[in-house]
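Participant: Take this structure first; my questions come after.
The values are calculated or read from the model by the stated rules, or taken from the named source; none is laboratory data. As the structure is a prediction and not an experimental result, all values here were calculated from the model. Using ideal geometry, Cβ is built from the backbone for each residue, glycine included, and neighbour counts are taken over all protein chains shown. Ligands, DNA and RNA are excluded from the accessible area calculation, which covers all protein heavy atoms including side chains. Shrake-Rupley method; radii C 1.70, N 1.55, O 1.52, S 1.80 Å.
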Amino acid sequence: KMPQTPPFAAMFDSSGYNRNLYQTKEDNCGGLYYHDNNLLSGSLEALIQHLVPNVDYYPDRTYIFTFLLSSRLFMHPYELMAKVCHLCIEQQRLSEPGLDKNWTQKIAPKILQLLTEWTETFPYDFRDERMMRNLKELGQRIASGDEVYRKNVQQLLQNLIRKLAAVTQYEEVLAKIDATASTDRLTLLKTKPQSIQRDIITVCNDPYVLAQQLTHIELERLNYIGPEEFIQAFVQKDPLNNDKSCYGDRKKTRNLEAYVEWFNRLSYLVATEICMPVKKKHRARVIEYFIDVARECFNIGNFNSLMAIISGMNMSPVSRLKKTWARVKTAKFDILEHQMDPSSNFYNYRTALRGATQRSLTAHSNREKIVIPFFSLLIKDIYFLNEGCANRLPNGHVNFEKFWELAKQVSEFMTWKQVECPFERDWKILQYLLTVPVFSDDALYLASYESESPENHIEKDRWKTLR
């Protein structure tokens, strides 16, 4: 019977997660170091060996995830794949000739399970021809033994190819969206004013519905971020091998970057919608509308859109509109700002996030499962965890304790990104949110000064320059 794949949430239990990886005496001598049954460090070779199943051993799932996630700090995934293949073939060669068929039956399902975990959790590794070649070769070896395995290998390859096709399609859509949205709204206002009479409230007058559509965009973009992108975002050179940067290939983080760009776009969209109306009462109405949207995002557990909306409202072209703000009932806004207050390392937000995470663990509906973290803070946390500890210990061992921590943070994100969005899509609203042109910084200031004239010399000079 094959080891089953538990859901991500169950994978790292809170007590320090599953670190007792079937420790045996040999492991301690074989270049792996344990303390109280916890794997703390090891030589790279020993850790690779520990990844490969044999007749009476299958690695713990937390280990597979942690090692596949962090090994890319030391070597390319295709190099790791080549070593795994080599070790599997080596084992087969060393088994007694008569036992060949028997051996295959015992080991094949385990190797297949390891490849399944790799292709399902880190599919983007296989956008590399060399990875695919190794995968197919190892697959053929397993399949040659038995009809059942042949079907399983085919299934695995089909699933993988489907995933990779989906991500390619997603990236093409993103490129199209970027091309549409790159025009500046001000240029449009001047050239074709009638083409953008629409504003956000005309397109969607219900703040609840807008918050739900924002959640659609957030969950879709989260879903396409591979867990490895967090690690690849700060890959440096391996200190033991100066000439080899472990990941020269920067485009490996493009889905993560697209998500950060979405946050910036949403902030600018909010500021644009507020600065555009000519009349004070209209501007005040847009501000109140966005406060309601932000509040609903908070209730849903969509902290990323919430933070983007708040930061759009705090941009100086918006915050300087004193007369407009005087017409706004700001009590609700103050509560939201308090929730997202950066002091004490975002203490209030982290408390709210923990609450949402707890709720999602016991949730019965997808709606209660939604947790969309304030993304740039998540990246920052992972970055500081990475910067704060060395990848290798003085004896050259890989510091595995650090990688347990990294994996724990990333696996929480993995749970969040797998939630299906429960709300109905409204294509008209989604289209507007993703593609309507927004003001540049200069255009925002210009609109802001034209709404409420400059108050001091600095503002007056800036206005002159802009005009």
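Participant: Does the stretch 269-283 contain any residue that is farther than 22 Å from GLN213 by Cβ, basic (Lys, Arg), open to solvent by less than 10 Å² (accessible area, probe 1.4 Å) and more than 30 Å from the chain's Cα centre (by Cα)?
Facilitator: Checked the stretch 269-283: at least one residue is farther than 22 Å from GLN213 by Cβ, basic (Lys, Arg), open to solvent by less than 10 Å² (accessible area, probe 1.4 Å) and more than 30 Å from the chain's Cα centre (by Cα).
Participant: Please pick out the residue among SER453, SER448 that is without any contact (Cβ under 8 Å) to a residue 60 or more places away in the chain and more than 29 Å from the chain's Cα centre (by Cα). Break it down stepwise before answering.
Facilitator: Details: SER448 fails: without any contact (Cβ under 8 Å) to a residue 60 or more places away in the chain.
Matching residue, one of SER453, SER448: SER453.
Participant: Under the condition of being crowded, with 19+ Cβ neighbours inside 10 Å and modelled with pLDDT under 95, which residue from the stretch 322-336 is nearest to ILE300 (Cα to Cα)?
Facilitator: In this case the residue turns out to be LEU336.
Participant: Same structure again: For the stretch 447-462, which residues satisfy the criterion of being in a helix (DSSP H, G or I) and surrounded by fewer than 20 Cβ atoms within 10 Å (Cβ to Cβ)?
Facilitator: Just the residues of the stretch 447-462 that are in a helix (DSSP H, G or I), to begin with: 447-451, 457-462.
Of everything in the stretch 447-462, those that are in a helix (DSSP H, G or I) and surrounded by fewer than 20 Cβ atoms within 10 Å (Cβ to Cβ) turn out to be GLU450, HIS457, ILE458, GLU459, LYS460, ASP461, ARG462.
Participant: Separate question: For the stretch 212-228, give me the residue count where each residue is in a helix (DSSP H, G or I) and either within 21 Å of TRP118 (Cα to Cα) or in contact with a helix residue (DSSP H, G or I) (Cβ under 7 Å, 6 or more places away or on another chain) (or both).
Facilitator: Our first condition is that a residue be in a helix (DSSP H, G or I); within the stretch 212-228, this holds for 212-223, 228.
With either within 21 Å of TRP118 (Cα to Cα) or in contact with a helix residue (DSSP H, G or I) (Cβ under 7 Å, 6 or more places away or on another chain) (or both) added as a condition, the list becomes 213-218, 221-223, 228.
Total satisfying the criteria: 10.
Participant: Also: Being modelled with pLDDT under 95 and over 28 Å from VAL419 (Cα atoms) narrows it down to one of SER343, SER319, so name that one. Working first, answer last.
Facilitator: Working: SER319 fails: modelled with pLDDT under 95.
On inspection, the qualifying residue turns out to be SER343.
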